[in-house]
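Here the structure comes first, spelled out in structure tokens, and everything after it is commentary.
The values are calculated or read from the model by the stated rules, or taken from the named source; none is laboratory data. Remember, it's a predicted structure, so these values are computed and weren't measured experimentally. Don't worry about glycine lacking a Cβ; one is built from the backbone with ideal geometry, like all the others, and counts go over all protein chains shown. Just the protein is used for accessible areas: all its heavy atoms, side chains included, with ligands, DNA and RNA removed. Shrake-Rupley method; radii C 1.70, N 1.55, O 1.52, S 1.80 Å.
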Amino acid sequence: MNCTTHPPDRWPAPVRNGAAATVPPLPTRTAPRRRRPTSQQWAAWAFLAPVTLYLALFYAYPLYRNVDLSLRDYTVRSFVQGNAPFTGLENYHKVFDDPTFGPALTHTIVFTAMCLVFQYAIGLAVAVFFHQHFRLSATLRALFLVPWLLPLIVSASTWSWMLNSDSGVINAGLHAVGADPVNWLTSPSWSLTSVIIANIWIGVPFNLVVLYSGLQTIPANLYEAAALDGASAWRRFWSITFPLLRPVSAITLLLGLVYTLKVFDIIWIMTKGGPADSSTTFATWSYRLGFGNLLPAFGPGAAVGNLLVVAALIFGLVYSRVQRKQALS
């Protein structure tokens, strides 16, 4: 005999005063209602839509087109008709195998590094100098902004005239002191130096403005306490000014790096990347491949441009990682 008891299908209703009480039915679970967007959410989307549209039209789409150019064999005819064959990474192989790649890479690194170092050093020195708030400091600061406000074609043309081998004021000054004239723009030994000097002159005001604004945020009582402790001006700079300017310096160098990598106007107007590719950088090489020849090479030119984009992206990611570590520490 099986003594196993089975639970009843339904438990008996409780008994109250001898009568069976009715058990109320369990409430059924309904699906949650979807909340309609509030007026604040609609307003947020309305403010976000123009920015999103702007980024999509003027950043995402041109970047996509540039990548597409570098992966296809575009000619003038296929560029208009849009039927260029897909070639994969062949354009990048052409760029890497080109004898111009090595010198252009070296010139890009030297040009970017020298400009960043001298623009930051001179800008910081001038910012500290103007931070003393002496008479006419505001007027002199305004005059230092002139190179930044001038159009690049005007600045480059002015430097081309000043560095002219025959009629330039620089060689005239060298002749006045008994020195030999220098072929600044036509000598392979001096062409890159010439465009570096011009670009440093143009970029110093940007560093001055940003670093000077950073100096305004440093409390003055720190300098007063250090002076009371007997710290010299040089000691106050290394112990107070330079460490507290580190976040501002980082963003200044990053923006300067992105700008200097893509400098084209100054070099092209002054030397056109010559003579003999002595001042060719990735920016001028990309333009010359795509638009500087009778038979333009759109694919390799776009590939060189993408290398600049990747380089700027890598430095931007490194900066973000360093900033995140500093925030966590």
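Roughly how many Å² is the accessible area per residue of the chain, as a whole number, for a 1.4 Å probe?
Working: 22030 Å² over 329 residues.
For the chain, the per-residue accessible area is 67 Å².
Just need the relative contact order of the chain here, percent rounded to a whole number, with Cα pairs under 8 Å and 6+ apart. Result for the chain is 23 percent. In the chain, the longest principal axis of the Cα atoms and the axis of helix 152-162 are about 20 degrees apart.
Hull volume per residue, based on the alpha-carbon atoms of region 161-287 and their convex hull, is 145 Å³.
Among residues other than residue 250 with Cβ under 14 Å from its Cβ, the summed charge is +4 (Lys and Arg +1, Asp and Glu -1). Taking the average, over residues, of other Cβ atoms within 10 Å as the packing measure, peptides 227-233, 275-281 rank 275-281, 227-233 from highest down.
Please give the charge dipole size of the chain, origin at the Cα centre, charges +1 on K and R Cβ atoms and -1 on D and E Cβ atoms. Round to the nearest 20 debye.
Details: 22 positive and 12 negative charges, 385 e Å.
Result for the chain is approximately 1840 debye, rounded to the nearest 20.
Relative to the longest principal axis of the Cα atoms of the chain, helix 282-291 runs at roughly 90 degrees.
Using the Kirkwood radius over C-alpha pairs as Rh, can you work out the diffusion coefficient of the chain via Stokes-Einstein at 4 °C, viscosity 1.567 mPa s, in µm² per second? Don't jump to the answer; show the numbers that get you there.
Values: Rh = 25.8 Å.
Here the translational diffusion coefficient equals 50 µm²/s.
Taking the three principal axes of the alpha carbon atoms in region 65-165, the coordinate ranges are 66, 33, 28 Å, sorted in descending order.
Roughly how many percent of the accessible protein surface of region 90-182 is carbon and sulfur, given a 1.4 Å probe and a whole-percent answer? C and S atoms contribute 71 percent here. According to the calculation over all Cα-Cα pairs in region 40-120, the P(r) per 5 Å bin from zero is 3, 12, 10, 11, 13, 14, 13, 10, 8, 5, 1, 0 %.
Based on Cα atoms of region 285-329, Rg over Rh with Rh as the Kirkwood radius reads 1.36.
Rounded to the nearest percent, how much of the accessible area of region 247-329 (1.4 Å probe, protein heavy atoms only) is carbon and sulfur? List each step's numbers first, then the result.
Numbers: 2970 of 4150 Å².
Its accessible area is 72 percent carbon and sulfur atoms.
Going from the alpha-carbon gyration tensor of region 179-225, what semi-axes, largest first and in whole Å, does one get by taking the root of 5 times each eigenvalue? Kindly include the intermediate steps, with their values, before the conclusion.
Values: eigenvalues 320, 28, 9 Å².
Computed over region 179-225, the values are 40, 12, 7 Å.
Measuring with a 1.4 angstrom probe and ignoring ligands and nucleic acids, residue 93 comes out at about 110 Å² accessible.
Since only 318, 289, 238 are under comparison, the one whose Cα sits farthest along the positive direction of the charge dipole of region 201-329, derived from C-beta charges on Lys, Arg, Asp and Glu, is 318. When Rg and the Kirkwood radius Rh are both evaluated on Cα atoms of region 216-320, their ratio Rg/Rh stands at 1.27.
Quick note on region 123-173: its Rg to Rh ratio, both from C-alpha atoms and Rh being the Kirkwood radius, is 1.14.
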